[in-house]
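Report on the structure given below.
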Amino acid sequence: AWFSILHAPIFAFLIPLILIGIGIGSAASTLMGEAMRSIGPNLMGAASGLISTTRQVGGAIGGAVVGGFLQYRLGATHTTIVSGVSTALFPTFLIIAAVLVGGAILCLPLKRTKPAPAKVTPQMHATEDSQKVISSSPNAS
């Protein structure tokens, strides 16, 4: 309702934007951690780059598709700008919600995997042993 008037108060835009920022910020790190959980250390850099690239391309394509559909709906309404935007936004948001629900349903059958066990190399043992020796020496502070 706030978005359908020409002179909406500033908090009408700030409050939803702050909530969106908090939601995306808290979800992004969790999703990245979950995606990287079963990747071996030798592939983490490539996997992280692939995930980031996929997110960027998906955001660009998704924004273009939603913007194109919104423009189509605005052209189809042929009414005043305020009622046209209100009329065009509702079906656009319904499409976004349908895509999100479809993605959530597609994620349901995914199996959770346990993280790959860390491989211990002889260099790691040598480093741990030398740290124990240093910390137990009388000159260590």
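Summary of computed values
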{"read-out": "Scan of the range 31-51 for residues that are open to solvent by 50 Å² or more (accessible area, probe 1.4 Å), modelled with pLDDT of 85 or more and either under 25 Å from ILE96 (Cα atoms) or in contact with a Lys or Arg (Cβ under 7 Å, 6 or more places away or on another chain) (or both), ordered by number", "value": "LEU50"}
{"read-out": "Where a residue in the range 103-119 is among the polar types (S, T, N, Q) and its partner, wherever it lies, is modelled with pLDDT of 75 or more, with Cβ under 7 Å and at least six apart", "value": "THR113/SER38"}
{"read-out": "Exclusive hit being modelled with pLDDT of 80 or more and not in a helix (DSSP H, G or I), set PRO115, PRO109", "value": "PRO109"}
{"read-out": "Residue that is modelled with the lowest pLDDT, among those in the range 68-85 that are part of a helix (DSSP H, G or I), open to solvent by 60 Å² or more (accessible area, probe 1.4 Å) and of a type outside the set (Phe, Trp, Tyr)", "value": "ILE81"}
{"read-out": "Conditions (1) more than 24 Å from LEU110 (Cα to Cα); (2) touching a helix residue (DSSP H, G or I) at 6+ places or on another chain (Cβ under 7 Å): number failed by TYR72", "value": "(2)"}
{"read-out": "Cross-chain or 6+ apart pairs with Cβ under 7 Å, the range 86-98 first and loosely packed, with under 15 Cβ neighbours inside 10 Å, then charged (D, E, K, R) and at pLDDT below 90", "value": "PRO91/ARG73"}
{"read-out": "SER4 vs. criteria open to solvent by 50 Å² or more (accessible area, probe 1.4 Å) and modelled with pLDDT under 90", "value": "no"}
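The values are calculated or read from the model by the stated rules, or taken from the named source; none is laboratory data. Model, not experiment: these values are computed from the prediction. Methodologically, a virtual Cβ is constructed for each residue, glycine included, from the backbone with ideal geometry; neighbour enumeration extends over all protein chains shown. Keep in mind that these areas ignore ligands, DNA and RNA; they rest on the heavy atoms of the full protein, side chains included. Shrake-Rupley method; radii C 1.70, N 1.55, O 1.52, S 1.80 Å.
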